[in-house]
Amino acid sequence: MKAWAVVLLWLCLAFAASAQPAGDPSPLQYRDRAEEVRFHALTAELRCVQCQNQSLADSNAQIAHDLRREVLKLMHEGRSDAQIKQFLVDRYGEFVLYRPQLEASTALLWFGPGLLLLAGAVLLIVHVRRRGRAVPVASNDDASQEEREW
């Protein structure tokens, strides 16, 4: 019975190893160090469209490999960072940007957290003030009369 468990374990491990994605078949070729630094900075600002919580630089998804190649190709074509970002936004939407542009449609995204924090602070202050008015303050005469009653 133990031998079957070992065989089954080896089969599971072999299957798991074969299920891993092949990864990037060839490394990216940069023209110089400045281009490599620019590439890494740009891909760190872009979101992987499959993973959604990782940057394009950090993601290991196949689409992230393809998008990194596309970004490098666009850089080799001489496009600016803004043009590359706009290309990806046109293709995948504003979600691809970690820091979307400030527009009417994204105003809530930019100012919403601050507004919620401000509203919470105002509610807290109002609650504390109302509660402070509701609690009667004992005078010294009341305290001395209570002591006499005991």
Residue-level accessible surface for I125, protein heavy atoms, 1.4 Å, Å²
90
For the stretch 54-67, in order, what is each residue's ³J(HN,Hα) by Karplus, 6.51 cos²θ - 1.76 cosθ + 1.60 with θ = phi - 60°, in whole Hz (x at glycine and Pro)?
10, 6, 4, 6, 8, 6, 10, 5, 4, 5, 5, 4, 5, 5
Give me the one-decimal nm value for the distance between modelled label points at V126 and Q50, 7 Å along each residue's Cα-to-Cβ direction.
4.9
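The values are calculated or read from the model by the stated rules, or taken from the named source; none is laboratory data. This structure is a prediction, so every number in the text was calculated from the model and none was measured. With ideal geometry, Cβ positions are generated from the backbone for all residues, glycine too; neighbour counts draw on all protein chains shown. With ligands, DNA and RNA removed, areas are computed over all heavy atoms of the protein, side chains included. Shrake-Rupley method; radii C 1.70, N 1.55, O 1.52, S 1.80 Å.
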